[in-house]
Structures are given as structure tokens and as C-alpha cells.
Amino acid sequence: MGDIWQFAKDFEKEGQRYYEKLALESTIPELAGVFSFLAQEKKRHFEILDNLQKNLQPDPVKNGSAFEKAGDAFKKLASGSDVPDVIEDAESVYRAALQLEKKSIEYYAQAVDKVDSDDQRAALEFILEQERTHVRVVEAVIEFIGRPREWLENAEWTHFEEY
């Protein structure tokens, strides 16, 4: 099982670094906040996986609030009088983040079936669900940068399905 954990930890570290980079490079504070939050989520996943690798009881898993954080950021943009006329041309960078999230979903979906303990399975299923949420958040960012004025017209933030 050690290889599963180390690979997953490396994957989460890579994601954390990537989102930290996006947060630093974003010229829109609200988007930088979304990326900082996603970097923190990756860090939390790393810690869970590290505990599992060390055969320690994972910290209790709590539901993340990625939708809430992203929703707050976009509502703040919507309430402001100035929506940027030009969003940085970073779609390819955000699409790379999307691919990173999708690869992690594939990996965790397979890893869930390879672990023996219920605690390990529960922790991996928790991370898997979080990764699915991250995909939806990054997709929303991509949609937003493609058409910010149209996207923000709906201040109710209904772009995400309720689960």
C-alpha cells in the first residue's frame, strides 16, 4: 500500500504547488482566493494521505466548502461595479488544473478498490468526492473567464448543481 500513498501524496503536492502558483499569478483577487483555497484543500489531502501511509488514524474528515468559497468569490465579483473587461488569457492554465483534478479522480477511484481497511476506504472516498467538487469549481472558473459579464449577470450563483 505504500506506493499508493506515496504516489497520491506526490500528486497532492503537485496540485498544491500548481494552485499556489495560480493564486500568486491571478490579477483578480477573488480568483486568487479560490485558488488559494484549492491549494489548502490539496494540503489537507496530503496530510490525510500521510497519516494513512504511516498507518495512523486519519484526522476526522470534514466536508469542505469549495462551492461556498467559490460562490462567495463570484458573488463578490458580481456585486462590484467593475467586472474586468479583459480577463487574463489563462484558459490553458486553468484547463491544465482541470486535467490535474480529473487525473486525481481516476486515481482515487481505482485506489478505493485496492485498500483493505474501512478507514482507508472512507478517507479515499472523502478525497475522491472533494476532487469531484474541485472539477466543478475549476470548470466554473473556465466558464467565467470565457464570458465574465454574461456569467456574472446571474448573481444567484446557480452554476453549480445542488447535491
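One residue alone among Pro58, Pro148 is within 23 Å of Asp3 (Cα to Cα) and at pLDDT below 90, and that residue is Pro58. Residues of region 69-76 include none that is modelled with pLDDT of 80 or more and of a type in the set (Asp, Glu).
The values are calculated or read from the model by the stated rules, or taken from the named source; none is laboratory data. Keep in mind that what you see is a predicted model, and the values were worked out from it rather than measured.
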